[in-house]
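Right, one structure below, let's go through it.
The values are calculated or read from the model by the stated rules, or taken from the named source; none is laboratory data. None of the values given here were measured: they were computed from a predicted structure. No Cβ is skipped: glycine too gets one built from the backbone with ideal geometry, and neighbour counts run over all protein chains shown. What goes into the accessible areas is simple: the full protein's heavy atoms, side chains included, and nothing from ligands, DNA or RNA. Shrake-Rupley method; radii C 1.70, N 1.55, O 1.52, S 1.80 Å.
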Amino acid sequence: MKVEEVPWTDPDGARLRAAQRAEIAERYGTPDSEPGVPPSAADIAVFLVARDEDGTAVGCGALRHLGDGVGEVKRMYVSPAFRGTGVAPRILDALQQWAGDRGWTSLRLETGIAQPDAVRFYTRSGYTRIPNFGSYAGVENSLCFERPLAPSTVRP
C-alpha cells in the first residue's frame, strides 16, 4: 500500500471522489447534501491517493486549511472492496502527518448521521465530537469532530 500526494485533477482521485459523492447521495437520498463550498483545486492544501500493490487507486483524502493552524479533512473515501484493510487509517495518518509537518495544531471534519461507520472510524482515530463549525453550524444531519495534533501525534 502506498499513499501519495497527487494533484486535485488526478484522474484516479477524481474517480474516487465521484464514487464518494455517489455513495453519500445514496445514503442521504439527495444528490447534494454538502452544506457550504465543496472542496476544489483552489482551496485544497493537499490531496492524497492510496494505491494497492498493483498501483490501483483504492482510497483518497484531502485537507483544506481553515486558518490559525486548523485544517479540515475532506473527501475521505475508500473503495468498498478495500474497507477494513487498513487503507483509511493509512490515509488519515498521512494527512495528519502532512498537517503536523506544517505546524497545524488540529484537524476538524464533518460527517453525518447516515454514516455511523465514519463516526466509529473517526472516534477510534482520536477525534472527539465538537459543536458544528462553519457552514455546518445549524445543520441537523451534520456531526463535527476534531483532533489536536500534539507532538505525540506527529512523527519526527
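Here's the yes/no breakdown for (1) in contact (Cβ under 8 Å) with a residue 24 or more places away in the chain; (2) more than 17 Å from L16 (Cα to Cα); (3) more than 10 Å from the chain's Cα centre (by Cα):
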residue	(1), (2), (3)
D32	no, no, yes
I44	yes, no, yes
A62	yes, no, no
Y77	yes, no, no
P89	yes, no, yes
I113	yes, yes, yes
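Restricting attention to the stretch 26-80, and to residues there that are loosely packed, with under 12 Cβ neighbours inside 10 Å and either in contact with a Pro (Cβ under 9 Å, 6 or more places away or on another chain) or under 14 Å from L107 (Cβ atoms) (or both), which single residue is modelled with the lowest pLDDT? Checked the stretch 26-80; the qualifying residue modelled with the lowest pLDDT is D32. Scoring Q96 on the criteria (1) within 19 Å of P148 (Cβ to Cβ); (2) surrounded by 19 or more Cβ atoms within 10 Å (Cβ to Cβ); (3) without any contact (Cβ under 8 Å) to a residue 40 or more places away in the chain leaves a single failure, condition (3). All of (1) open to solvent by less than 50 Å² (accessible area, probe 1.4 Å); (2) in a loop (DSSP other than H, G, I, E, B); (3) not hydrophobic (A, V, I, L, M, F, W, C) hold for G13 with one exception: (2). Residue check: K2 meets all listed conditions (1) open to solvent by less than 40 Å² (accessible area, probe 1.4 Å); (2) closer than 15 Å to G61 by Cβ but one, namely (1).
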